[in-house]
Structure formats: structure tokens, C-alpha cells
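Step one of this worksheet: look at the structure below.
The values are calculated or read from the model by the stated rules, or taken from the named source; none is laboratory data. What you see is a predicted model; the values in this text were computed from it and never measured. Cβ: placed from backbone, ideal geometry, glycine included. Neighbour counts: every protein chain shown.
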Amino acid sequence: MIVADQRPIGRGLETLGAWLLGLIWLLPLLYAAWTAFHPAIYATHFSPLAPLTLANFETAWQAAPFSRYLLNTVILVTLILAVQFVLCTLAAFAFARLTFRGRDLLFAVVLLQLMVMPDVLLVENYRTVVQFHLADTIVAIALPYLGSAFGIFLLRQTFLTIPQPLDDAARLEGCGLLARLWRVYVPLARPTYIAYGLVSVSYHWNNFLWPLIITNSVTTRPLTVGLAVFATTDQGIDWSIVTAATLMTSAPLLVAFLLFQRQFVQSFMRAGIR
Amino acid sequence: MIRRRTVLAAGVSVMAAPAILRAQDAQKLTFYYPIAVGGPLQTIMDSYCKAFQQESGIAVEPVYAGDYSQTLIKALAAIKAGTGPQFAVLLAAEMHSLQDQDILVSLDEIGLDADGKKWIAGFYPAFMANSHADGKTWSIPFQRSTAIFYYNKAAFQDSDLAAEKFPTTWVELAKVAEKLTKRDASGRVTRWGIKMAGDLGNAQWTFGALANQAEQKLMNQAGTEVYFNQPKTIDAMAFWRGLTTEHHASPEGVSNWGDLTPDFLQGNAAIIQFTTGGLPNFRAKATFPFGVAGLAGKDSPHTVVGGGNLYFFKNAAPAERAAALRFARWISAPERAADWSIKTGYIATSPAAYDTQALKEYIAKYPDANVARTFLPVATGELSVHENQRVYKVLTDNIQACLNGNKTPAKAMSDTQSEADRILKPYKKA
Amino acid sequence: MRRETIHAWLLLLPALVLLLAFTHWPAIATLIDSFYATPHGSRSPPFAGLDNYVGLTQDPVFWQALRNNAWYAVATIPTSIVLALLMALAVNEALPGRAILRMAYFLPTMLPMIAVANIWMFFYTPDYGLFDRIMAVFGGGRHNWLGDASTALPAMIAVAVWKEAGFFMIFYLAALQTMPTDLREAASLEGSSRWNYFQRVTLPLLMPTTLFVSVNAVINAFRVIDHIVVMTRGGPDNATTLLLYYIYEAGFRFWDTATAATATVVLLTIMALAAVLQFGVIGKRVHYR
């Protein structure tokens, strides 16, 4: 990269600025980590020789059924992802490769969801779920998101770029609609699936408001709601324990991110490229 | 395609089934329970439920739903969705609102024999204040508290104050708080004299105590009228605000309930107004000598009761209701009430509990634990009206505006009064 | 042709049904509900015409929520977008340690908002929270960030920007990395300054991304209230009540479903207007390659 008129001072300042911003950005997390890994008395005192401890994590883990919350969350995101993959693939294929009357209008209607997310329609969706006697179930948390306009949009985009000759070849071999989809389109769209998958998992792992409203019991509560319930106490907040619990519930996604940073970043990038 | 979809549907229903199915027989009950505090309360409640199951064969599953307002939201949501608990511990003060939602069933309706009536009569009258309406009993006390002061004895000492003679009047309290407030060389406060909570869900409790200290009732028994716009109520608000503006002993703005505990333990606040339920926690964690004292009053000490009662819900089948009542009687028996009081710091709900050996020994060892009880005679009920949550919000909004210096106490109270009047208008016909 | 139509509809049906059931149908149902009073018990609610809307306009808390949300949007959207752009530019350069920088900027996005809220609540704690401590080092006074009506909303804005900027950075990064380098070389050969190049070439080419990012930012400014629920519960004195939080309280704390529906209609209208505006204004200035 040619940086013709870049003076060293200018560049040095730039680097400094970027680093300062990075430090500020990391500060909250570092502070939370400090508090979580040290005994309560050191929560707000920064003596560098303070002893490290895992006791806060132990207490937090035993204080609420976090293992159950973790299981619920895993079931939830897996369920959502699996169903979204199937449903969005089918729909995207129809929009991309099939011609029928009203197709473009219908696609526009589908895209409306990108502006009007189910999150905003809390009260009505709550009522719908209750009417079907599905309240307080993991399925109920997933339902509003299973028909994902974003997924349909992404996959349609990708399917449109798959060369027609490949499709024709499969058709000539005598493959029916679904076989063509399964043999030609799905394998070639793998990067998009991975990208969408990571975006979907992060979104639903971290979702809070709708699960808060629709779940009541421990057997359905995901981690985010569990953390919120845990952190509000009548007896006052113990910051060491709350930060420990907070880090614990963020850990799975954080660790996954740190290990697969590249893939995550690539996925989000791919999901946004027009 | 059909195959795939049936597999999908089957898989979905298999995963959802456990969470969908609800035990319908009377042998399994669910009850919602606030206070999502850690270790102690959860394991204690679990052990109680196990013991009850061993004795009676009825399985009770306690569900932790957060603090009082979260539990209320959750319980109502669940009941409206048809998957609700058979009974729950909710704010004692919520009775009128719950009745409006038409979800309660009275204990009389479930069935109270002579023994049962004796049982109800055995509770402290102060704790039954929010339980009666239409000549029936709608709830029984479970975890009740009064508001008390926790104070830092070491702080008293280094401010040359007699820790044994805690102030009992507003004037004395303000003076003491002023003295306890420490500042460093640059004028920055390093320790506040006194802190009281003003956030949503707690502001009305703090204020209820203050109003009672000015000897003003805030509402009528039927929960249809409120008296905010009275000189004494305005006095109470003015006193609260004055702690900041006149005596500089309390910080500007609103203090959070959740912050009071770390504030006290860190030595950041010398006196806090808090619940008796905090006692075991402070005893375990405080690194300095501390004391428990009753609240002060304009002329003499007054306080407010708070905490949760057991309510029983209509949506439960008759067999379930009877089972729930049985659990309620079991858990409020003197020995268990005593045990609960010792482990949590809440006041045991009946005088009989204080006659048990366990509590007698406990109080002999920790006289602090008895302080709150002695103030029951001068305690008033928590603010309890129809559309309770709405009125709480209006009151809290105005208190917060006043604490931020955006409204005078008089304006805050008159605004609260007019808004509350508007909210309560439909209920005045009854 | 007809067979193709049948096939197409069969493929579409599952996704479509769920989509319509939880997005389009509720939107319409909300609109309808806004014309009826709140049902009490099992009686069907009486028709209320425009009463709910009138009632809404008479509620000072509703207007406060609108005002707050407007300020919140105006503050978070440009700030997070500009920061995201700066971050992307920084990470795109061959700066030392840029992998770590990228991680630092993006990390907040991976955390649930609830976790972010807890951490920042700890930060904002008066006297011994991190902010107050840092301020103390610089000689500032203590501050009740969340309990003071004048600082509560800015405090929430800071939280939102912290969470979002890294997310938007990724999209800018993607766009920057697909930009042709020959333009840069040509510009520097002609002696064009970096700022000039940035203004005249980079920025316009980033317009599609800016559009995408701003659409997301607008949606988030109205959709995300997790931090409000945990940190301030709308207070003090409604200083941090946003529109969706107002709806949440009306619907689930007061069980006043009529008000909730009416306010939701207002929210949907605002979001629709915002979308039209964005696609209209920015969309026109987008250069597609």
C-alpha cells in the first residue's frame, strides 16, 4: 500500500489514537474480569498483588442453575438454526429460480421484516403464543424468528450467483427440484450458510427481551434471562459475584469468538456485503 | 420432502415436550418466589420443599423469578397464559391490584376450619394488615420485614459519636448524618452519612416509612384514596430532600437499592435504610462492627413493614388449592418460621415462632436480630392501592424528580396526588 | 408453468407462514387493537375509536419517551457510524497489533447486552465505580451517573455506542477490503492528499455500506432496550424511558394492552418513515459499482 505523503509523526499519532481507543474499548471488560477474579474486598481496590481466586465463579455457578440455562440456550440456538436453514433454503430457492406470478411483490413483503422486527411486536406475539398454548417453552422463544427474511435474502442473493449451466446439467441428469437444490445449490452456498449461521447464533444467544417475556421457568430460560434474574436481588448486589456470573454467561460465545476470530469476522463481513 | 418435514416436526415436539407438559395432578405444585439472592435462600427453600414432600407426598417446585416486581410480572404472565403457578409469594401490598386481575382465591373459599381460623389469628396483626378485604382473608405472611437502619459503629467512633445512642428523631438523625459525612482535602465526599433508596420498586417503601414518621397515612384501607397532598406528607418528602440540600449528608440524585449493600460494606455510607432481610449477609461480610437500629421519626420512631405474602390463585384445581394451603400451613409453623427467620433475617411471622427454642437461643446470641420486631407496634403497612404498580410509578417518578432538584417537595407531592387521583377514579365507586 | 407455481408455493409456505404469523399479522393486529380498549377479564373489549390515541397524546410520559428516543437516536447513530468508520480505517492499515485492535473493537458485539449492562452498571456506580475513580484521578467530583436525570440518558448512549461501533466496523472493513487499490495508487501518483482521497473517493464508494449500517443503526436505536431494563428501569423520572420500554411497561407491568398497542403503532410508523427517508436520501447518493 502506497502511503506517499504519510509523515512518521502522523502515522505515530494514528497508531496511538487507535490504540487508545482500543484500550478504552477493552477497559470495561478488563475491569469486570479484575472484579470477578479477585475476592470481594479487592473489587474496587487495585492492588497489583491481590490474590486471584475462582471462588466467585463457584459461588455464582451454584447460586443459580446456570448449567440448565446453558443447556436451554444451546437447544434454543440449535433449534433456530436448523429450522432457519431448512425454511430459508426452500424459500430462497423459490424466489431465486422459480417463476410465478406475484413473486417480486411477495419478496418485497418478505423483506418488510427487515424493518419491522418481531422484537417490536412483543405484545401481539405474546398473545399469539399464548393462544397456541406454547407459552414458557423453548419453541415459543424460537417461533418469531424461524421465518427469517434476512436468511431468505442472503440465500437468494447467493443462489442467484450460481451459474445456470450447473443447474441445467443436474436437470439433464433427471434431478427433480429438490434434488437440484440439494446437489447443486446448497453445497455451493456453504460460505453463506456458515456466515448466516454464525450471525444467527450470536444474535439468538444474546437475545434478551422476548425470552424474558415468554419464559417463566428454569427449564426454558436461556442464559441472558437467567443472568438478569440472578443479578437483581433484594439483598443488594455483590459485584464480585455478579461480574463472575456475567463473564460466565458470556464465556461460551467469547471463547468461540477468540478461537474462530477470523471466521466470525469473515461471516459478518460476508453477511453485510451487498 | 414430507419425510423431512415430519422428522423436523417430530424433533421439535420432542425437544419442546418436556417444557410443554405441565403436571396436572394435585400431587405436583409450582410456586413462584422472589428474591433471587444466591446460595442460602435457594437451597433453604429447596430443602423445605423436599421435607414437605417427604411428609405429605406432595411435590412442590419453587420457581425463582427475580425480585418482587419481576416475580409479579412473571406470575401474572404465566397465569394469563394458562400455565401459572398455584400459589406465589408476592408483595403483601399488591393485594388490591391482584384482586382487580381476578386471579386470587380467598383462603376462606379454599376452606378454613376452626383450626385454620386459629392459625390465621396466630400471625402478627401488622403483617395481616394487607390481607383482608370483603371480610375474607386473601393472603398470609411469609417473608416479612420492616425497614431498619444499619449503621457503621466504627464510623460513629471516628466521628466522636456515641454508637450506643442511635438518634430517634429527624433532627437528631440529620445532625448525626451530617457529622458522619467525611470529605477529603479537595472537598470530595469519601463517606456519606446516610443513604436511602429511591429507585423504582423501592422508593415507595422508603417514602412509606418517612410518611409514617410524619404520622401521615398514605392510603385508606380500601385502597381507593391516597393522601400525598397533605402537609405532613410534604414534610416527609422535604426531610428526605433536606438530607442532601441542607445537611449534605446524602448524595444528589437517586440511590439504587442494589448499591446500598456494597456501599455499606465498603464503608461508603455510614447509615443505610434497608430491610431486616439483609442482616445475615452483613453479618457474614462486614469487616467492621455494625449495629441495627429502628428508624427515626419526626417526633418518635416509626417504620414501615414490607415483604411478601403467600397468595393462592383461582386457576388451580380444588385439590391443588387445598394442597397449596396445606403447604402454607406447614411452612408457617413456628419451628419453620423460626428457621426461616434465622437463616434469612426476615421477621418470623408469628409470636409463637419467637417462643421456640431455636429463636430464643439465636436472639440471645445476636440481640440485633430482635430489634426489628420491637418496632412492629409502630409500623404501618406498605403503600397498597388499586393499580398499585401504576401508582408506585407515579410516586417514584415524582420522588426522583424531587431528588434531582427538578421539583420542589410540594410540587412533587401535588403532582403525585393529581395523577394518582386520576388513576384511582374508576375504583372510587366501589 | 402451473406446476412450477405450485412447487414454488409449497417451497415458500413454511417460511412464509411463520414470517406472516409473527411479523405481518401482529403488526396488523396491533393496529386493530389500538382502536379498542383494554380487555378486562374475559369480556371482549369495547370499541374505542381514536380514544387510545388521544389518551396517548395526553400522557406526558409518552412524550418523554418520544423525546428521549429522538435524542438517543440522534446521539447513537452518527457516533457509532463515525467511530465504526474510524475503527475500520485504523484496522485496515498495517498498524502494529491490528489483529488485537480488531478483537478489542469487535468484542463488545459478542457479549449479550445484559452482560454489557451489568458491567457498565458497575462502572457507573457512584464513588467507587470505575468512572468516578478515573474522574477522581483527574480531580473531578463524584457523580451519580445513573441516578441523575441529566446524565442517565447520555450514560445509556455511551453503553449503546460501545456495543454497536465494533459491529458496524466489520461492514466498513469488508467494504474497504474490496475497494480497488489502483484508485489509491493513481490518486497518490497525482499528488492528492490523503484527506482529499478519503473525501472524494473512499467516502462515496462506502455509501452502500453507510446505508446498510445506518439502517441497522436506526433499527437498533428503537429495538434494543435491554440495558434500560437492567440499569435504570426507565428512570430517574423517566429520563431513560425509550419508546419500546414504554410499550413494555404498559403491556407487561400495567397490563394496559390498549396503550401498548397504540404506542406500538406509533413506533412502527416512526420506523417505516425512517426507512423511507434513509432509502430516499442516502439511497439517492449511493454509487453502485
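Computed quantities for the displayed model
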read-out: Output for the stretch C:222-243, where each listed residue is touching a residue at least 60 places away in the same chain (Cβ under 8 Å), more than 11 Å from chain B (Cβ to nearest Cβ) and in a helix (DSSP H, G or I); value: C:222, C:226, C:227, C:228, C:243
read-out: Verdict on residue A:154 being assigned to a helix (DSSP H, G or I), touching a helix residue (DSSP H, G or I) at 6+ places or on another chain (Cβ under 9 Å) and more than 14 Å from chain C (Cβ to nearest Cβ); value: no
read-out: First in the stretch A:8-28 and facing chain C (nearest Cβ under 7 Å) and under 17 Å from residue C:119 (Cβ atoms), second anywhere and among the aromatic types (Phe, Trp, Tyr) and surrounded by fewer than 15 Cβ atoms within 10 Å (Cβ to Cβ), Cβ under 9 Å, 6 or more apart; value: none
read-out: Members of the stretch A:123-141 that are facing chain C (nearest Cβ under 10 Å), in contact (Cβ under 8 Å) with a residue 12 or more places away in the chain and of a type in the set (A, V, I, L, M, F, W, C); value: A:129
read-out: Residues (over 25 Å from the mean Cα position of the chain (by Cα) and more than 7 Å from every other protein chain (Cβ to nearest Cβ)) located in the stretch C:101-135; value: C:129, C:132, C:133, C:134, C:135
read-out: Every residue from the stretch A:39-71 that is farther than 30 Å from residue A:136 by Cα, out of contact with any helix residue (DSSP H, G or I) (no Cβ under 6 Å at 6 or more places or on another chain) and within 10 Å of chain B (Cβ to nearest Cβ); value: A:41, A:44, A:45
read-out: Candidate set: the stretch B:251-271, residues that are over 18 Å from residue B:289 (Cβ atoms) and more than 9 Å from chain A (Cβ to nearest Cβ); chosen: the one surrounded by the fewest Cβ atoms within 10 Å (Cβ to Cβ); value: B:252
read-out: Selection from the stretch A:132-151 of residues that are part of a loop (DSSP other than H, G, I, E, B) and more than 19 Å from residue A:199 (Cβ to Cβ); value: A:132, A:133, A:134, A:135, A:136, A:137
read-out: Of all residues in the stretch C:95-137 being of a type in the set (S, T, N, Q) and under 13 Å from residue A:31 (Cβ atoms), the one that is surrounded by the most Cβ atoms within 10 Å (Cβ to Cβ); value: C:118
read-out: Index of the failed condition, residue B:327 passing every other in (1) touching a Leu at 6+ places or on another chain (Cβ under 9 Å); (2) farther than 23 Å from residue B:101 by Cβ; value: (2)
read-out: Number of positions in the stretch A:37-72 that are closer than 27 Å to residue C:97 by Cα and surrounded by 14 or more Cβ atoms within 10 Å (Cβ to Cβ); value: 1
read-out: Test for residue C:92: is it within 19 Å of the chain's Cα centre (by Cα), surrounded by 13 or more Cβ atoms within 10 Å (Cβ to Cβ) and more than 8 Å from chain A (Cβ to nearest Cβ); value: no
read-out: Residue match in the stretch B:226-248 (condition: over 24 Å from residue B:349 (Cα atoms) and touching a Cys at 6+ places or on another chain (Cβ under 7 Å)); value: yes
read-out: Criterion violated by residue A:243 - all others in (1) within 25 Å of residue A:130 (Cβ to Cβ); (2) modelled with pLDDT under 90 satisfied; value: (1)
read-out: Meets criteria (at pLDDT below 90 and under 18 Å from the mean Cα position of the chain (by Cα)) for residue A:154; value: yes
read-out: Pairs with Cβ under 9 Å, 6+ apart, first in the stretch A:81-92 and facing chain C (nearest Cβ under 8 Å), second of a type in the set (Ser, Thr, Tyr) and part of a helix (DSSP H, G or I); value: A:88/A:196
read-out: Selection from the stretch A:235-264 of residues that are more than 9 Å from every other protein chain (Cβ to nearest Cβ) and aliphatic (A, V, I, L, M); value: A:244, A:248, A:251, A:255, A:259
read-out: Helices (runs of 4 or more DSSP H) (entirely within the stretch B:346-430) containing at least 3 residues that are under 30 Å from residue C:144 (Cα atoms) and touching a residue at least 60 places away in the same chain (Cβ under 8 Å); value: B:388-403, B:409-424
read-out: All helices (runs of 4 or more DSSP H) inside the stretch B:172-284 with 2 or more residues being charged (D, E, K, R) and at pLDDT 90 or above; value: B:231-245
read-out: Out of C:189, C:183, C:211, C:206, sole residue that is farther than 18 Å from residue A:150 by Cα, of a type outside the set (Asp, Glu) and crowded, with 18+ Cβ neighbours inside 10 Å; value: C:206
read-out: Test result for residue A:183, touching a Cys at 6+ places or on another chain (Cβ under 8 Å) and either surrounded by fewer than 20 Cβ atoms within 10 Å (Cβ to Cβ) or at pLDDT 85 or above (or both); value: yes
read-out: Test result for residue C:184, modelled with pLDDT under 85, at the interface with another protein chain (Cβ under 7 Å from one of its Cβ atoms) and in a helix (DSSP H, G or I); value: yes
read-out: Residues (within 18 Å of residue A:114 (Cβ to Cβ) and among the small types (Gly, Ala, Ser)) located in the stretch C:1-56; value: C:15, C:21, C:27
read-out: Residue match in the stretch C:60-70 (condition: modelled with pLDDT under 85 and in contact with a helix residue (DSSP H, G or I) (Cβ under 8 Å, 6 or more places away or on another chain)); value: no
read-out: Single residue of B:187, B:116, B:198 found to be surrounded by fewer than 19 Cβ atoms within 10 Å (Cβ to Cβ) and touching a helix residue (DSSP H, G or I) at 6+ places or on another chain (Cβ under 9 Å); value: B:116
read-out: Given (1) more than 8 Å from every other protein chain (Cβ to nearest Cβ); (2) within 16 Å of the chain's Cα centre (by Cα); (3) crowded, with 24+ Cβ neighbours inside 10 Å, number of the condition residue C:262 does not satisfy; value: (2)
read-out: Output for the stretch B:45-67, where each listed residue is surrounded by fewer than 24 Cβ atoms within 10 Å (Cβ to Cβ) and within 30 Å of residue B:224 (Cβ to Cβ); value: B:67
read-out: Every residue from the stretch C:165-181 that is part of a loop (DSSP other than H, G, I, E, B) and within 10 Å of another protein chain (Cβ to nearest Cβ); value: C:178
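For (1) more than 30 Å from residue A:117 (Cβ to Cβ); (2) more than 9 Å from every other protein chain (Cβ to nearest Cβ); (3) of a type outside the set (Ser, Thr, Tyr), each residue gets a yes or a no:
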| site | (1), (2), (3) |
| --- | --- |
| A:182 | yes, yes, yes |
| A:196 | no, yes, no |
| A:200 | no, yes, no |
| A:203 | no, yes, no |
| A:211 | no, yes, yes |
| A:216 | no, no, yes |
| A:220 | no, no, no |
| A:224 | no, no, no |
| A:227 | no, no, yes |
